[in-house]
Amino acid sequence: MKRKIICLLVISLQILVGITQIGFINGDTEILTLASIGELYIGGWSYHIEVAENIAYLADYSGSFNLINVSDPSTPTLISQIELNKPHKFEITGNYAVVSCWEDGLQIVDISNSSSPFIIGNYTTGDLYGYVRIRDNIAYTSGVGGPGLEFIDISTPSTPIKIGGYNFEGFSNNIFISDNVAYFSAYTTQNALGVKIIDISNLNNPQFLGEFTEYDDIYDIFVEDQTMFLACWDDGVIVVDVTDPDNPLKKGDYYDGGYADKLVVKDEWCYLADNTGGFEILDVTDFSNIVEIGSYSGYTITSVFVKDKYYFLTDQSFGLRILLNLSTSNPLSMAMNPLIPLYSLTFYLFTIFLKKKK
């Protein structure tokens, strides 16, 4: 009898250890295990990253736009780079990268041949351009001198043409498009004006819908399911219900140091480039109780791109860092983790063994 009890205790301990090893800690809170699996030194000032297919595109503010082979994330290799003046935010659309390049405006880079990218078109006004969003061959951007937003038709990449805009006193340094609504930060040279919300279903006549002015220093915007997530520098992450654009309502916030720089939200997780605070993953299931479930510190992370369980980060003075999430989205899921059925099988076999010994 004593031997049976000891065997059962040992098996139970094995099961418990197996569960804790795959990340189930603190009740319902999952602590993710993030592993650094690849990196590539670029130098300069790595500002923004996007990944399409097996190529990572990285803007280095000190003067280059880099194409990197990440088909094997553990050994990223530089394919090519093209010199651009102070590249900031960019977006990939088909065979083109539309890059905001400060006083050089928007530069359109043909990336159809990753080994030899080249500039095929540009849009310049002499103003300073640091941000761009693309939807349906329209580039939404803003020069620091203003006034307001500009809508640029890039359907013919060699000859982009301004087709309209939305005028207001000031300029924007980040924009997000969701359906037919544009959300953008608004600034003058003296003041920050929060986030403005406009209807862009008719580009010839965009309409003001509302604004959110509780916070002013907005570094990035992401909107999902009528919820707006703001990276607000030293105010952290702010969550706002924009179901009624005329009356946006704050629903939650999160700050634990660092400087909220860029963010992406997917499947109730917020991926935050926290600048000097590193990289953080937040569970935003409950806006009133946002919880950090994973982090990667010690570096100045300026942007993040999420592809499956891989996280591509720009480390400001280094270049590219690639992380792999080793945890499952549900640590107790048998379908996702082979350890659970293994321990269950062990328990079952020992139970049969003990019965036969009776």
Hits in the stretch 298-316 - residues which are over 14 Å from D261 (Cβ atoms) and assigned to a loop (DSSP other than H, G, I, E, B): G298, D308, K309
Screening D267, D286, D261, D256 for residues that are closer than 17 Å to H88 by Cα and acidic (D, E) leaves only D261
Report, by residue number, each residue of the stretch 62-103 that is under 22 Å from D220 (Cα atoms), among the charged types (D, E, K, R) and without any contact (Cβ under 8 Å) to a residue 60 or more places away in the chain. K86, E91, E103
Which one of G258, G252 is in contact with a helix residue (DSSP H, G or I) (Cβ under 8 Å, 6 or more places away or on another chain) and under 26 Å from I31 (Cα atoms)? G252
Any residue in the stretch 142-154 that is closer than 17 Å to I92 by Cβ and within 21 Å of the chain's Cα centre (by Cα)? no
Taking the stretch 126-172 as the search range and keeping residues that are of a type in the set (S, T, N, Q) and closer than 21 Å to V109 by Cα, which one is surrounded by the most Cβ atoms within 10 Å (Cβ to Cβ)? S142
Determine which member of the set D216, D261 is at pLDDT below 95, touching a strand residue (DSSP E or B) at 6+ places or on another chain (Cβ under 7 Å), of a type in the set (D, E) and buried (at least 16 other Cβ atoms within 10 Å of the Cβ). D216
Residues satisfying the stated conditions in the stretch 182-208, i.e. closer than 26 Å to I290 by Cβ and over 23 Å from the mean Cα position of the chain (by Cα): A192, L193
Could you please let me know if L249 is farther than 22 Å from D179 by Cβ and either crowded, with 19+ Cβ neighbours inside 10 Å or not aromatic (F, W, Y) (or both)? no
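The values are calculated or read from the model by the stated rules, or taken from the named source; none is laboratory data. From a predicted model like this one, the values you see are computed outputs, not experimental measurements. All Cβ positions, even for glycine, are placed from backbone atoms using ideal geometry, and neighbour counts span all protein chains on display.
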